[in-house]
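Read through the structure below, which is laid out as structure tokens, and then see the notes.
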Amino acid sequence: MSTTGPHRPAQPVYVAALNPHDPHRQTRVQPPSGTPVWRGTANAAELLAFVAEIRPDLDLQAHPDLIHWIGDPWTWPGA
């Protein structure tokens, strides 16, 4: 993962790889300051709601490059 300064991710949203044994994708959102927040998201709506809660300043639909996907972008378990 690239960074934009000391320990600052270039992509403030990270979505882990699909896991066939987990109905969610583990998602991390980096707040402007503080500790990253992790949550399982089961679909795109949950991902967008989670990001809006932690980082209302980000528009992932307009700037999808802010998301670092570990394989299979915008794909969810069971989809």
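Rounded to the nearest 20 Debye, what is the dipole magnitude of the range 13-69 about its Cα centre when Lys and Arg each give +1 and Asp and Glu each give -1 at the C-beta?
160 debye
With viscosity set to 0.692 mPa s and temperature to 37 °C, compute the Stokes-Einstein D of the chain, Rh being the Kirkwood radius across alpha carbon pairs; µm²/s, no decimals.
Roughly 257 µm²/s, to the nearest whole number.
Pop a pseudo-label 7 angstrom from the Cα along the beta-carbon direction at both N19 and W38 and give the gap in nm to one decimal.
Roughly 0.8 nm, to one decimal.
How much length is gained on full extension from L48 to D65, taking 0.36 nm per residue of separation minus their Cα-Cα distance?
4.7 nm
Working from Cα positions, state the angle (0 to 90°, nearest 10) between the long axis of helix 44-54 and the longest principal axis of the chain.
Compared with the principal axis, the helix lies near 30 degrees.
Would you grab the residues whose amide H sits under 5 Å from the one on H68? Only those 5+ places off in sequence or on another chain, please, with H modelled 1.01 Å from N.
For H68, whose amide H was placed from the backbone, the distant partners under 5 Å are V13, Y14, V15.
Computed from the coordinates by the stated procedures, all read-outs in this text should not be read as laboratory data. Everything quoted here is computed from the prediction, not taken from an experiment. For neighbour counting, all protein chains shown are included, and Cβ atoms are generated from backbone atoms with ideal geometry for every residue, glycine included.
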